[in-house]
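In what follows, a single structure is set out as structure tokens and then discussed.
The values are calculated or read from the model by the stated rules, or taken from the named source; none is laboratory data. What you see is a predicted model, and the numbers here were worked out from it, not measured in a lab. Ideal geometry is used to build each Cβ from the backbone, glycine not excepted, and the neighbour counts take in all protein chains shown. These area figures cover heavy atoms from the full protein model, side chains too; ligands, DNA and RNA do not enter into them. Shrake-Rupley method; radii C 1.70, N 1.55, O 1.52, S 1.80 Å.
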Amino acid sequence: MITILDGGMGQELIARSAARPTPLWATKVLLDEPELVRAVHDDFFAAGAMVATTNSYAIHHDRLIAAGLDEQFEPLHRAACEIACASRDAAEVGSVAGAIGPLFGSYQTGPLPHDAVDRFAEICRIQAPYVDHFLIETVSALAHVDATLEGATGHEKPIWLSVSVDDYDGTKLRSGEPLEHVMDRIDRADALLVNCATPEAVTMAVDVIKGCGKPFGAYANSFTEITQSFVQVGATVQELSARTDLTPAAYADFAEDWAQMEATIIGGCCEVGPAHIAEIVRRLT
């Protein structure tokens, strides 16, 4: 059986909100327009998704401090979890994945702070009473794999680890390190995925991780590429361009390829919406 994930929360919120994107984008919407977050979850469940991923990817102290909102750290995590759980309960199907994004921003590969493990563990302690499992997303370097898995261990929840690969060479993490080396470090993980790279690169990556010995899967984005300007701290998604060729049918073609490689967890990342998920559901379930 294939578990169908939802799609990209942040880009769906951009499409639905009149506000301009900020470096704290999806978190700001959680504060100001929580009904939009609920609507996105509801629409993905209506499309046939089996997992609601909490809108907590960017809720880290480093980002909130910069915005003067650090006192909202725990309330925001709880709100993100409660909204996802309410959507799941209303749908009467599926599970909730507690999203844990990278420190400082997506695709970061540099040194981590000395307390990185504690930062990830703090998030897991808050989310654990709500979520069915943790989904550690867009991990782009081997040292980050180690820190996130250590922080997520010991909370009595399954851990799904998802790494991000180079947009042009899916056999490498965004750090340039070989993807195959991840498989030596995932004893604590219950599943291994690849996310937030081009579907072409993700297909290459799935061919590598299929030998991991654990459930594995993929959820690609629909950006043309991740630019260097976007990797800078404080950048917004306005630095990126969406592809015009990845229609729901075209994206589902890639999903079918991943399924043929025996991936059992499949969904979408940035710019992949409910229509894409509905087409994947139609073909794979």
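Each row is one residue, and each column tells you yes or no for (1) of a type in the set (Gly, Ala, Ser); (2) at pLDDT 95 or above; (3) touching a Ser or Thr at 6+ places or on another chain (Cβ under 8 Å).
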site: ILE14; (1), (2), (3): no, no, no
site: LYS28; (1), (2), (3): no, no, yes
site: LEU31; (1), (2), (3): no, yes, no
site: LEU64; (1), (2), (3): no, yes, yes
site: PHE73; (1), (2), (3): no, yes, no
site: ALA84; (1), (2), (3): yes, yes, yes
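Close contacts from region 98-121, counting a first residue that is among the aromatic types (Phe, Trp, Tyr) and a second that is open to solvent by 40 Å² or more (accessible area, probe 1.4 Å) and in a loop (DSSP other than H, G, I, E, B), with Cβ to Cβ under 7 Å and a gap of 6+ residues or different chains, come to PHE104/VAL233; TYR107/ARG174. For SER222, only one of the following conditions fails: (1) polar (S, T, N, Q); (2) modelled with pLDDT of 95 or more; (3) surrounded by 16 or more Cβ atoms within 10 Å (Cβ to Cβ). What is its number? Looking at each condition in turn, SER222 falls short on (2). Of all the residues in region 136-170, those that are of a type in the set (D, E, K, R) and farther than 15 Å from VAL206 by Cα number 5.
Evaluate the following for ARG78: is it within 25 Å of ALA275 (Cα to Cα) and of a type in the set (Lys, Arg)? Considered against the rule, which asks whether it is within 25 Å of ALA275 (Cα to Cα) and of a type in the set (Lys, Arg), ARG78 comes out as no. May I ask you to verify whether SER140 is crowded, with 21+ Cβ neighbours inside 10 Å, more than 18 Å from CYS269 (Cβ to Cβ), small (Gly, Ala, Ser) and modelled with pLDDT of 95 or more? No, not satisfied. Number of residues in region 43-82 that are hydroxyl-bearing (Ser, Thr, Tyr) and open to solvent by 40 Å² or more (accessible area, probe 1.4 Å): the value is 1. Please indicate, with yes or no, whether at least one residue in region 176-184 is under 21 Å from HIS60 (Cβ atoms) and not in a helix (DSSP H, G or I). There is no residue in region 176-184 that is under 21 Å from HIS60 (Cβ atoms) and not in a helix (DSSP H, G or I). Across region 241-285, the number of residues qualifying as open to solvent by 60 Å² or more (accessible area, probe 1.4 Å) and outside any helix (DSSP H, G or I) comes to 7. Note on region 91-111: residues that are in contact with a Lys or Arg (Cβ under 9 Å, 6 or more places away or on another chain), assigned to a loop (DSSP other than H, G, I, E, B) and of a type outside the set (Ser, Thr, Tyr) amount to 5. Here is the figure for region 116-136: residues that are in contact with a strand residue (DSSP E or B) (Cβ under 7 Å, 6 or more places away or on another chain), outside any loop (DSSP other than H, G, I, E, B) and either of a type in the set (Val, Ile, Thr) or open to solvent by 20 Å² or more (accessible area, probe 1.4 Å) (or both) total 2. Of all the residues in region 92-115, those that are farther than 17 Å from SER164 by Cα and either among the small types (Gly, Ala, Ser) or open to solvent by less than 40 Å² (accessible area, probe 1.4 Å) (or both) number 6. Among residues of region 1-11 being at pLDDT 95 or above and not polar (S, T, N, Q), the one that is surrounded by the fewest Cβ atoms within 10 Å (Cβ to Cβ) is ILE2.
Pull up region 155-177, narrow it to residues that are within 20 Å of THR54 (Cα to Cα) and of a type outside the set (D, E, K, R), then point me to the one that is most open to solvent (accessible area, probe 1.4 Å).
PRO158
Only a single item in (1) on the phi < 0 side of the Ramachandran plot; (2) modelled with pLDDT of 95 or more is not met by GLU156, and it is number (1).
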